[in-house]
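The values are calculated or read from the model by the stated rules, or taken from the named source; none is laboratory data. Everything numeric in this text was worked out from a predicted model, so none of it was measured. Positions of Cβ are generated from backbone atoms using ideal geometry, with glycine treated the same way; all protein chains shown enter the neighbour counts. These accessible areas exclude ligands, DNA and RNA; they are computed on the full protein's heavy atoms, side chains included. Shrake-Rupley method; radii C 1.70, N 1.55, O 1.52, S 1.80 Å.
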Amino acid sequence: MRILVTETIGKPGLDILAECGQLDVVKNPSPEALIEMIPAYEALIVRSRTKVTADVLEAGTNLKVVGRAGTGVDNIDLDAATKQGVFVVNAPTGNSNAVAEHTIALMLALARRIHPAVHSLKQGRWEKSSLQGHEVLGKTLGLIGLGRIGSLVASKAKGLDMRVIAHAPYASPERAASSGVELVSLDTLLSEADFLSVHTPLTPQTKGLVDAEKLALLKPTAYVINCARGGIVDEAALEAALREE
């Protein structure tokens with residue numbers, strides 16, 4: 001089997017792939033280059049940067065499987081893959097804890113105003129009083145999505161004695177309650193959250209989910225964290241909302 005990897009993957013992963021066949025690593029090929037080379041391969045391994053379009057899949061006359069080394073498959077045309085008889089697989093739990101930890105790190109950095117404080121200090125200023133942050137103790141974390149990553153974030157936030165609410169239409173109320181998470185409507189979540197964190201896949205249903213109307217429901221002091229996919233939060237609307245503050 002010939003395997004093509006188009007993005008950075010850790011050496012242990014590459015070693016496993018090399019045991020399965022002839023492995024070639026060509027990082028970040030252009031769409032045209034990928035279409036030109038893909039007929040020679042039975043397997044394609046990507047992360048989030050490579051777009052596996054219908055044209056790529058159609059050109060992959062020998063392609064049997066496309067693997068996404070990470071969560072989500074929104075950069076792969078699933079309908080085209082199905083039409084071509086190509087299996088699509090991913091690694092949904094591969095980076096779950098890392099993303100959850102990163103979310104908590106960003107939340108604490110925002111609460112403690114770490115970035116502006118570091119910038120100020122590098123400019124030779126000591127602005128301790130004006131850059132004083134606040135505790136997250138007792139604050140409300142609103143989660144959009146309560147899957148693997150959302151649940152991990154909720155667990156870590158509960159360890160910080162935060163109130164955690166979530167909008168997750170497919171989550172079991174019993175499971176949420178057992179984790180100390182309250183399920184609420186999206187409007188309620190947005191109006192009550194001190195921190196909004198997004199943990200849902202990018203799908204036609206979630207694209208632009210947090211638009212200008214929804215952003216207007218947030219508290220003026222609320223923070224928005226998106227460690228999921230761009231596009232779930234309407235970025236133009238978010239920029240406009242930030243400029244209005």
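Okay, here's what the table says:
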| quantity | calculated |
| --- | --- |
| Subset of the range 153-162 (residues that are within 19 Å of residue 92 (Cα to Cα) and surrounded by fewer than 20 Cβ atoms within 10 Å (Cβ to Cβ)) | 155 |
| Qualifying residue in the range 19-42 (condition: closer than 30 Å to residue 155 by Cα and not in a helix (DSSP H, G or I)) | no |
| Search result, residues across the range 85-100 that are farther than 27 Å from residue 153 by Cα and surrounded by 16 or more Cβ atoms within 10 Å (Cβ to Cβ) | 86, 88 |
| Those residues of the range 171-208 which are within 22 Å of the chain's Cα centre (by Cα) and part of a helix (DSSP H, G or I), in sequence order | 176, 186, 187, 189, 190 |
| Residue list for the range 49-70, filter: surrounded by 17 or more Cβ atoms within 10 Å (Cβ to Cβ), in a loop (DSSP other than H, G, I, E, B) and within 25 Å of the chain's Cα centre (by Cα) | 50, 69, 70 |
| 2 or more residues touching a strand residue (DSSP E or B) at 6+ places or on another chain (Cβ under 9 Å): qualifying helices (runs of 4 or more DSSP H) within the range 71-127 | 78-84, 96-111 |
| Selected residue (only one of 110, 141, 78 is open to solvent by less than 30 Å² (accessible area, probe 1.4 Å) and within 30 Å of residue 175 (Cβ to Cβ)) | 141 |
| Residue within the range 119-126 that is over 30 Å from residue 76 (Cβ atoms), touching a helix residue (DSSP H, G or I) at 6+ places or on another chain (Cβ under 9 Å) and open to solvent by less than 30 Å² (accessible area, probe 1.4 Å) present | no |
| Residue satisfying all of: in the range 230-245; under 25 Å from residue 74 (Cβ atoms) and not aliphatic (A, V, I, L, M); least open to solvent (accessible area, probe 1.4 Å) among these | 231 |
| Positions within the range 134-153 being in contact with a helix residue (DSSP H, G or I) (Cβ under 8 Å, 6 or more places away or on another chain), within 23 Å of residue 215 (Cα to Cα) and in a loop (DSSP other than H, G, I, E, B), in sequence order | 134, 136, 139, 146 |
| Of all residues in the range 163-209 being of a type in the set (Val, Ile, Thr) and closer than 17 Å to residue 149 by Cβ, the one that is most open to solvent (accessible area, probe 1.4 Å) | 203 |
| Residue in the range 22-50 that is nearest to residue 10 (Cα to Cα), counting only those that are at pLDDT below 95 and among the basic types (Lys, Arg) | 47 |
